[in-house]
Amino acid sequence: MGILVGLVGFWLRQNTKLSIVEISAWLTLGAGLILPRLGSDGFLLGLICTSVSYVVMSSRERISTRKEMVIVSATCALVVYYGQNVLVGIGGRLGTFAALSVLFFNLARDYLKRRYDHDYGNHYS
Amino acid sequence: MWQNNLLIFVPLMVICLELLLPSLENAGRRVIVSLVVISFWTALRSHQQDWRRVTLASLTSLVGAVITFVLATRFQLGPMVASGLVGVVGGRLLPEDRQLQLYLGAFVGMSSAVRFPHFAHLVLAGALGGLLWELLEASWSGVGGRLGTLAASAVLIVLLLSGGGW
């Protein structure tokens with residue numbers, strides 16, 4: 001569900017003139033209205049989708065492709081799932097989880113890119 | 001300066017304390033409060049503040065926080081629907097910078113009523129969100145969730161300084 005919201009948000013960001021606040025707010029509104037009614041896990045799904053809607057607010061430099069959005073959305077879903085019991089009741093908690101996911105992904109991507117460049121350079125030198 | 005950026009790390013410090021060092025919570029609180037005071041001091045000294053901009057940002061964030069909190073708690077819409085509504089309406093009516101500040105405030109307003117038994121503390125956290133927005137303009141640029149982290153910092157700072165826990 002988180003990945004789906006991430007992909008929808010990514011598509012909206014690429015193909016509409018909505019601002020990032022509007023995109024995130026519509027996704028949050030949809031998640032808040034629909035998912036908590038789906039049963040016992042609905043509220044958790046709502047939290048995951050809301051947090052992913054904040055990931056969607058990332059700049060194109062931070063998340064540039066659909067594949068990257070899928071990876072960060074999945075990471076964010078895991079962070080929300082395992083972080084359910086921290087910062088309970090603190091506003092901005094889901095945004096913090098989203099930011100952690102984006103920063104973690106960016107660090108990992110930059111590290112892998114540097115390593116790849118290093119290996120590639122050695123191979124052909 | 002790196003000291004300014006410490007303010008955005010407040011939620012992460014609290015998460016570390018909650019997860020890794022729960023036994024050191026009291027000492028940890030004192031350390032975080034000290035870091036917050038030092039960071040504010042250096043940030044306010046090192047920046048040439050345009051106080052009109054700071055005031056407008058604080059007011060916008062405060063409005064977002066209050067409306068979201070009232071919608072979520074008094075009208076019982078819940079934090080997700082309330083913040084979504086504020087974001088959608090703000091996105092239609094305001095220019096981009098103000099939208100972001102209002103949405104930041106909406107994140108502050110998503111706090112539980114248990115955390116903010118005194119409404120004045122929520123108002124303070126909302127205004128502080130706008131101040132942090134101006135002070136930490138360059139931190140974590142382009143990171144989705146940055147607004148939420150600033151909001152969590154504002155909420156935690158107010159809770160810590162008012163003597164409450166997190």
**Request:** Starting from residues that are within 8 Å of another protein chain (Cβ to nearest Cβ) and open to solvent by 10 Å² or more (accessible area, probe 1.4 Å), keep the ones in region B:114-129 and report whichever is farthest from residue B:65 (Cα to Cα).
**Result:** B:114
**Prompt:** Any residue in region B:106-113 that is assigned to a loop (DSSP other than H, G, I, E, B), open to solvent by 20 Å² or more (accessible area, probe 1.4 Å), more than 20 Å from residue A:53 (Cα to Cα) and within 13 Å of chain A (Cβ to nearest Cβ)?
**Reply:** yes
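Suppose we filter region A:15-57 for residues that are more than 7 Å from every other protein chain (Cβ to nearest Cβ), of a type outside the set (Asp, Glu) and surrounded by fewer than 19 Cβ atoms within 10 Å (Cβ to Cβ); how many remain? Break it down stepwise before answering.
Here is the first cut: in region A:15-57, the residues more than 7 Å from every other protein chain (Cβ to nearest Cβ) are A:15-18, A:20, A:23, A:27, A:30, A:34-45, A:47-49, A:51-53.
Narrowing the set further to residues that are of a type outside the set (Asp, Glu) leaves A:15-18, A:20, A:23, A:27, A:30, A:34-40, A:42-45, A:47-49, A:51-53.
Then keep just the ones that are surrounded by fewer than 19 Cβ atoms within 10 Å (Cβ to Cβ); that gives A:15-18, A:34, A:36-40, A:42-44.
Count: 13.
When only residues in region B:136-166 that are at positive phi and over 14 Å from the mean Cα position of the chain (by Cα) count, which is modelled with the lowest pLDDT? Reasoning before the result, please.
Within region B:136-166, the first condition is being at positive phi, and the residues that meet it are B:140, B:142, B:145, B:163.
Okay, now just the ones that are also over 14 Å from the mean Cα position of the chain (by Cα), so B:140, B:142, B:163.
Working: B:140: 85, B:142: 88, B:163: 74.
Among those that are at positive phi and over 14 Å from the mean Cα position of the chain (by Cα), it is B:163.
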**Cβ-Cβ under 8 Å pairs, at least 6 apart or on other chains, region A:6-23 side of a type outside the set (Asp, Glu), far side outside any helix (DSSP H, G or I) and at pLDDT 95 or above** = none
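Could you tell me which of the residues B:85, B:132 is buried (at least 17 other Cβ atoms within 10 Å of the Cβ), within 7 Å of chain A (Cβ to nearest Cβ), at negative phi and not basic (Lys, Arg)? Spell out how you get there, then give the answer.
Details: B:132 fails: within 7 Å of chain A (Cβ to nearest Cβ).
Result: B:85 is the single residue among B:85, B:132 that is buried (at least 17 other Cβ atoms within 10 Å of the Cβ), within 7 Å of chain A (Cβ to nearest Cβ), at negative phi and not basic (Lys, Arg).
Which ranges mark the helices (runs of 4 or more DSSP H) fully within region A:1-79 that have 2 or more residues being under 14 Å from residue A:97 (Cα atoms) and not aliphatic (A, V, I, L, M)?
Working: elements: A:2-15, A:20-34, A:42-55.
Passing ranges, in order: A:42-55.
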**Request:** Show the residue pairs that are 6+ apart or on different chains and have beta-carbon atoms under 8 Å apart, the first residue being within region A:40-54 and within 18 Å of residue B:145 (Cβ to Cβ), the second being open to solvent by less than 20 Å² (accessible area, probe 1.4 Å) and not in a helix (DSSP H, G or I).
**Result:** A:51/B:145; A:54/B:144; A:54/B:145
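The values are calculated or read from the model by the stated rules, or taken from the named source; none is laboratory data. The structure presented is a predicted model; accordingly, all values stated were derived computationally and were not measured. Glycine gets a Cβ as well: all are built from the backbone with ideal geometry, and neighbour counts include every protein chain shown. What goes into the accessible areas is simple: the full protein's heavy atoms, side chains included, and nothing from ligands, DNA or RNA. Shrake-Rupley method; radii C 1.70, N 1.55, O 1.52, S 1.80 Å.
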